[in-house]
Structure formats: structure tokens, C-alpha cells
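A short worksheet on the structure shown next.
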Amino acid sequence: MHVKQHYLSANNTQLIDVLCFITYLLYLCAEIELLTEFIMIKETIGANAGAIWNALENGALSVKAVKKATKLKEAELNMALGWLAREGKVVFTEVEGEVVVSLV
């Protein structure tokens, strides 16, 4: 039985190196895209938190009233309120069955 051995030539080795490098670059591009999206989302949440802050400067509002004043979608409102709560900038209370938010 004859076994044929295959050896990589210098050209094949260089091709493999180039392909590995291209794969790595594609991976980095995907990571950069994800990071960019994360930064954009974080900036959007921060801007929405600022809109909520402005709405609350004149006093406490129900969450429903904050949503109406800021014209934010439900998810945007919740993320921004969570951001402000995590930062210790707002407090929530319940008044007559309705959640009210106010600045600290």
C-alpha cells in the first residue's frame, strides 16, 4: 500500500496565513460593529434620560405622564428610567395605584 504524503509549499502556507488574517479582520469588524451599536444605544438611552429629567424638573409625574411628555416608546422610557434609577437620580412611589417618578 502506497501512502502519498502531502507537504504544504511555501505558497500554500502564505495563502493559509492570508486567509487566517482575513478571517481575523472580519471578526474584528464584527466586534467593532457590535461595539458601535452598543455605544449608540447607550447614547440614545442617555439622551432619553435627559428628556425624562427635563420633564421632571417641575415636579413629580406619573410614569404615564412622563411617557406622554417625552413621547418615548415604552421600551425607550423603561430603559431611560432604569438608567436614572441606577444612577440614583429618581425615585418611584405609588400614589392611588399609579407609579409616580420624581427627581432625587
Where a residue in the stretch 7-25 is in a helix (DSSP H, G or I) and its partner, wherever it lies, is modelled with pLDDT under 80, with Cβ under 8 Å and at least six apart: I16/L8
Residue in the stretch 1-20 that is surrounded by fewer than 10 Cβ atoms within 10 Å (Cβ to Cβ), at pLDDT 80 or above and either of a type outside the set (K, R) or in contact with a Lys or Arg (Cβ under 6 Å, 6 or more places away or on another chain) (or both) present: no
Leading residue by the ranking (surrounded by the most Cβ atoms within 10 Å (Cβ to Cβ)) among those in the stretch 59-68 that are assigned to a helix (DSSP H, G or I) and touching a residue at least 24 places away in the same chain (Cβ under 8 Å): V66
Criterion violated by V91 - all others in (1) of a type in the set (A, V, I, L, M); (2) assigned to a helix (DSSP H, G or I); (3) without any contact (Cβ under 8 Å) to a residue 24 or more places away in the chain satisfied: (2)
Test result for N48, surrounded by 14 or more Cβ atoms within 10 Å (Cβ to Cβ), polar (S, T, N, Q) and either assigned to a helix (DSSP H, G or I) or modelled with pLDDT of 95 or more (or both): yes
Looking only at the stretch 69-104, and only at residues there that are surrounded by 13 or more Cβ atoms within 10 Å (Cβ to Cβ) and of a type in the set (D, E, K, R), the one that is farthest from M40 (Cα to Cα): K89
Sole exception among (1) of a type outside the set (G, A, S); (2) farther than 30 Å from L103 by Cβ; (3) at pLDDT 80 or above; (4) more than 29 Å from the chain's Cα centre (by Cα) for T36, by number: (4)
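The values are calculated or read from the model by the stated rules, or taken from the named source; none is laboratory data. Fair warning: this is a prediction, and the values are worked out from it, not measured in the lab. Because the Cβ atoms are built from the backbone with ideal geometry, glycine has one as well, and the counts that use them run over all protein chains shown.
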